[in-house]
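Please read the structure below before turning to the comments.
The values are calculated or read from the model by the stated rules, or taken from the named source; none is laboratory data. Please read all numbers here as calculations on a predicted model, not as lab measurements. Every residue, glycine among them, receives a Cβ derived from its backbone with ideal geometry; neighbour counts consider all protein chains shown. Side chains included, ligands, DNA and RNA excluded: accessible areas come from the protein's heavy atoms. Shrake-Rupley method; radii C 1.70, N 1.55, O 1.52, S 1.80 Å.
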Amino acid sequence: MTHPDPARRMVDAANAWLDSLDDRQRSAAVVTWPSDEERHRWYYTPTDHGGLPLQRMRPAQQSLAMQLLATGLSRPGYVTATTIMGLENVLDQVEGWQVGWGRERGRDPQLYWLRIFGEPSIAGPWSWRFGGHHISVQHLVVDGRVEASSPAFLGADPAEAPLLGGHLLRPLGAAEDLARDLVRSLDDGQAARALISPVAPVDIVGGNRPRIEDGDRLMPLPDVWRGRFADPHLAARVEAMHRGAEENAGFRPEHDEAVRLTRTPKGIAAADLTGEQQDQLRALLEVFLGRIPDELAEREACKFAGDRLRQVHFAWAGGLEPGEPHYYRLQGPRLLAEYDNTQRDVNHIHTVWRDPDGDFGDDVLARHLVAFHHER
């Protein structure tokens, strides 16, 4: 039995979901193409991500929304994402059911939004975005192909939680363990290049910027939310959270300088790793790329196939032992992957995979626009 390609799966699932909506729901779910300003907004905080939230859908509509999400993720990626959504219930308990974020329930597994940009068709262009706390998934379809799948964010809070029988639930455990194995395998000379700061930043450095630029520094937490808080007490609390996190970590200006993003990658190049270490790096890359459907992940992996891997750099900040705040990034041509685990006593992970030159398919859309006008 043959399965349709990713673009066709997305078109069919998106239209099935849209056909189930009433006019009021559809007005929240769909915006005209390209709506560039909104399309380039993405979040990973418990803020309004834009679109129609699951809580405003009937159960059958929720199922159709999740079917669309599944077309944009691999099976392991979908399992991980839905586990992350369920962690909102655990986080609610961890916080004593007290965190509100200005709404009736602060930690809510139904506060995940789906939005369609344009009209889903195999020709396109159109795109879709699914997001909520610790999840942001987006894909662009142009000329019958899925042309962009980033930024792609997954996080977990708690990163580690107990299961029955002494087992642990660790949705992003591979992203932590493989990187720690790699950094611990480095000899002294390699480690001197890979370790860029003794203190880890308290979040991913790129934040939720729509575009990564040379010199970007760690963003204040209030900037990673949609708009500003109407409640001044809530605004002050979020600001205090960020300041407190930096103070507790001992994150100072010299550390901010050390971890800032630069066009020339920091850290150690794969060219300076042993063959075994390069295999470890490739396995770590697959954890980030493997969150999207296999066909799309294979296409992305071609960017780092063979000798191309030699240009990818690995940089680490913070401690090397489990339980110590830590951060790392993978950076190379058309690649920026970041990981951070510093918050909530080192039990709160953020991970993101980006293409600095092609996030949201901006490079593809620019070429498409030129070709379209040339044909006219």
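Annotations
- Evaluating Glu176 against the criteria (1) at pLDDT 95 or above; (2) of a type in the set (Asp, Glu); (3) out of contact with any His (no Cβ under 9 Å at 6 or more places or on another chain) leaves one unmet condition, (3).
- Annotation note: of Ser121, Ser136, the sole residue that is assigned to a loop (DSSP other than H, G, I, E, B) and under 29 Å from Pro4 (Cα atoms) is Ser121.
- Of the residues making up the range 29-75, just one is open to solvent by 50 Å² or more (accessible area, probe 1.4 Å) and within 15 Å of the chain's Cα centre (by Cα), namely Arg41.
Okay, residues lined up against (1) modelled with pLDDT under 95; (2) outside any helix (DSSP H, G or I):
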{"site": "Tyr44", "(1), (2)": "no, yes"}
{"site": "Thr47", "(1), (2)": "yes, yes"}
{"site": "Gly50", "(1), (2)": "no, yes"}
{"site": "Gln55", "(1), (2)": "no, no"}
{"site": "Ser63", "(1), (2)": "no, no"}
{"site": "Thr83", "(1), (2)": "no, no"}
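- Selection count, the range 11-28, where residues are out of contact with any helix residue (DSSP H, G or I) (no Cβ under 7 Å at 6 or more places or on another chain) and either crowded, with 17+ Cβ neighbours inside 10 Å or among the hydroxyl-bearing types (Ser, Thr, Tyr) (or both): 2
- For the range 148-168, the set of residues classified as surrounded by fewer than 23 Cβ atoms within 10 Å (Cβ to Cβ), assigned to a strand (DSSP E or B) and out of contact with any Asp or Glu (no Cβ under 8 Å at 6 or more places or on another chain) consists of Ala161, Pro162, listed by residue number.
- Among the criteria (1) farther than 19 Å from Ala174 by Cβ; (2) touching a residue at least 60 places away in the same chain (Cβ under 8 Å), the one Phe288 does not fulfil is (1).
- Summed over the range 76-109, the residues that are of a type outside the set (Ser, Thr, Tyr) and under 16 Å from the mean Cα position of the chain (by Cα) give a count of 6.
- Some residue of the range 191-200 being within 22 Å of Val312 (Cα to Cα), at pLDDT 95 or above and among the basic types (Lys, Arg): yes
- Residues in the range 1-51 that are among the small types (Gly, Ala, Ser) and touching a Pro at 6+ places or on another chain (Cβ under 8 Å): 1 in all.
- Scanning the range 192-251 for residues that are farther than 23 Å from Glu324 by Cβ, in contact (Cβ under 8 Å) with a residue 24 or more places away in the chain and not in a loop (DSSP other than H, G, I, E, B) gives Val224, Leu234.
- Output for the range 101-131, where each listed residue is over 24 Å from Gly72 (Cα atoms) and either in contact (Cβ under 8 Å) with a residue 40 or more places away in the chain or crowded, with 20+ Cβ neighbours inside 10 Å (or both): Trp101, Gly102, Gly106, Arg107
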